[in-house]
1. Suppose the Debye formula is applied to equal point scatterers at every Cα of the range A:136-255; what is log10 I(q)/I(0) at q = 0.15, 0.22 Å⁻¹?
2. Please give the charge dipole size of the range B:2-141, origin at the Cα centre, charges +1 on K and R Cβ atoms and -1 on D and E Cβ atoms. Round to the nearest 20 debye.
3. Note down the nm distance, to one decimal, between modelled labels 7 Å out along Cα→Cβ at A:S35 and at A:Q204.
4. Considering the options A:A118, A:Y132, A:G68, tell which one lies farthest towards the positive end of the dipole of the range A:50-135, charges being +1 on Lys and Arg and -1 on Asp and Glu at the Cβ, about the Cα centre.
5. Mean-square fluctuation check for chain A, GNM, Cα pairs under 10 Å: which of A:D93, A:D55, A:D29 is largest?
6. Against the longest alpha carbon principal axis of chain A, how many degrees, from 0 to 90 and to the nearest 10, is the axis of helix A:50-59 turned?
7. Step through the residues of the range A:227-236 one at a time and calculate ³J(HN,Hα) from phi using the Karplus curve (6.51 cos²θ - 1.76 cosθ + 1.60, θ = phi - 60°), rounding each to whole Hz and writing x for Gly and Pro.
8. Which value in nm describes the separation of the simple spin-label points at B:N28 and A:S123, placed 7 Å from the Cα toward the beta carbon?
Amino acid sequence: MMRLRALVMATLAVPALAGEIPLAERRSDTLTMSSELRAMQADDAANPASFSVLDGEALWRVRAGASGKSCADCHGDGAQSMRGVAARYPAFDSASGRVLDLEAKINQCRTERQGSAALPMESRDLLGLATYVGRQSRGLPIVSDDPRLAPAIDRGRALFTARQGQLNLSCAICHDDHWGRKLGAATVPQAHPTAYPLYRLEWQSVGSLQRRLRNCMVGMRAEPYPMGSDEFIAIETYLMSRGRGLAMETPGVRP
Amino acid sequence: MLRLILALGAVLLGMAGAGAQTLPPILNDAMPASLTGAPGDVARGRAIVANRQVGLCLLCHSGPFPEERFQGDLAPDLNGAADRYSQGQLRLRIVDPSRINAQTIMPAYYKTEGLNRVLGPFAGKTILNAEQVEDVVAFLMSLRGEKTP
């Protein structure tokens, strides 16, 4: 009986899961899109997320809160001062001892420097500012070299590989082990965070990486982490480490 | 009358997809006995397999569904399933494939324990109820020979 069971197990056993994609094989998910979508992303005049960049550029100069200061009053021309910044987020914040993603950092500036209210997650204003700042890193490689990020990266990796939801899947099962295959109509992407915030055709709007993570969790029939939570920021931090070296593409377009 | 009430109760429980009841015994890599004590319905099983909100099967598998575009390729083609497996083997592979391969990516369709962070509306519920599992088993048992979609 035991021998039969062992034989059955051995016959049916599949090779161990592939694990992280080798660094040399990691590439932007833009490359697996249709030529039409790639053209739409590449052309600022056709890219629907360009409106979000313009929103952010305008907001950059709008005074807000008790300080009466705008982003530009401290940071000057965003096209200069924000170059390469988004490629390094999420980043460790010494003041709070927390890791903050770009949206959390923008809201920290608003509440603590400008003396204004935090912008709601996924609001047009917050997405506009994040898209505008992200745009200033377009073409620059993702950098993830701060050792203080290690705990968040480890936690994010653990969450990425954890089975969850009624369907008992993990992020890694699709995006490490089966990228390039077909999940229904969709080509499974490697899932690199190169292009956020981005315009997603399925949303008909611009959205953040956290919104995308929430979509995937609901698809697995798993309870999503709260927006802005340390868990989501840990996953974002891990994904930036996993995608290190890839060129930023914000604002992206995705199906 | 009592028997009718009991039978009705069992049907309602099954329809809700509530927590899996006591399972029939597992023999080697198979669950030979029906979950409901009755055979399933091939046509209903086909509809469940094709439905992307109910069976979800075609997200990962392909099969003899010429009318269905965009079938997945993360998992084996369902064509010829009955040539490869017995009814009991197919049943266990739907009820809980992790009993055969702990690494499998296929969800357990009739299991509620051992899951994490299950989204509210699905908490404590199986993906399919017992009758639906039997319908899918009946449909898969009809897939003999290499039928081209």
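Only the coordinates and a few stated rules stand behind these numbers; no lab work does. Computed from a predicted model, the values in this text were never measured in an experiment. Using ideal geometry, Cβ is built from the backbone for each residue, glycine included, and neighbour counts are taken over all protein chains shown.
1. Debye output, listed in q order: -0.69, -1.55.
2. In total the dipole reaches around 300 debye.
3. Result for the modelled spin labels: 2.9 nm.
4. Value: A:G68.
5. Maximum among the listed residues: A:D93.
6. It works out to around 40 degrees.
7. These are the phi-based 3J(HN,Hα) values: 4, x, 6, 4, 4, 5, 5, 5, 5, 4 Hz.
8. Placing both labels 7 Å along Cα→Cβ, they lie 6.5 nm apart.
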